[in-house]
Amino acid sequence: MKSYLIIILLAAVLMTVLKVSPCEATMVNVSWYADVGMTRVWRAEVKSLITGPVSTIIIKDSLFVQGADGVFSGFDVDFVLMDEDGDLSTTGDQILPFLDTSCFVVPGNVTNQAGSPYQPTAAHPGVLFGLNTDDSIDHLTATLGVLDADPYIDNGVDSCSGAVSLGEGGSLYAEFSTASVSSDHLYLFFGEAGKNECFQRCNGIKIIPEPATMMLLGLGAGGLFLRRQRR
């Protein structure tokens, strides 16, 4: 109970200092862009919906459509990046998030945990694929700056690469350099590993302008802390 109070107080202090509210997050419409290999690529126009620089995006599993189970529960994110011209084939204008320092997952639930054929392995020990045992992102597995995910097949947990699974109701937070994403034209691209799933697995995309970033990162870290405490 004390842990929950700490998180609530932290959120209140940060909102007071930064004078922001979670309602500043803007939902964006996402549309299918292309299928590249075994990844379904989605695109959203960002800049026309908000004013000021973009700092954070949130991809959240919807809970509405169940896909795979075990370590592959939830929406499977292959990559995420910002792009200035809306053309994924031109790479010179692409902006990657701070993958190692400000990109993290708040894991959701694992479905059919006891009976699933997709269980953690020595190579991928996290409760969800692409996560370490402490729920941090395994960046050797989840290469979120590269469109490269291979689909999971049968029991081939160790054969997969490139993606991170969010779990049922889980979220991916990706932090960008606000100095780099203040262009008048800006698009969000992200990939869904396996491409046989539908976008209903994702509960929409939220775009967070500055200065809400620190509040969200604080709450995300608090959520991870509570998850570990419950374990």
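The values are calculated or read from the model by the stated rules, or taken from the named source; none is laboratory data. Owing to the predicted nature of the structure, the values given are computational and were not obtained by experimental measurement. Neighbour counts are summed over all protein chains in view; Cβ atoms, including those assigned to glycine, are modelled from backbone coordinates with ideal geometry.
Assorted remarks:
Matching residues to (1) modelled with pLDDT of 90 or more; (2) closer than 15 Å to Phe104 by Cβ; (3) basic (Lys, Arg); (4) within 20 Å of the chain's Cα centre (by Cα):
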| residue | (1), (2), (3), (4) |
| --- | --- |
| Ala123 | no, no, no, no |
| Gly126 | yes, yes, no, yes |
| Asn132 | yes, yes, no, yes |
| Leu140 | no, no, no, yes |
| Asp148 | no, no, no, yes |
| Ala179 | no, no, no, no |
| Ser182 | no, no, no, no |
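Okay, residues lined up against (1) out of contact with any Gly (no Cβ under 8 Å at 6 or more places or on another chain); (2) surrounded by fewer than 22 Cβ atoms within 10 Å (Cβ to Cβ); (3) in a loop (DSSP other than H, G, I, E, B):
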| position | (1), (2), (3) |
| --- | --- |
| Gly67 | no, yes, yes |
| Val71 | no, no, no |
| Asp78 | no, no, no |
| Met82 | yes, no, no |
| Gly86 | yes, yes, yes |
| Thr91 | yes, yes, yes |
| Asp100 | yes, yes, no |
| Val105 | no, no, no |
| Thr111 | no, yes, yes |
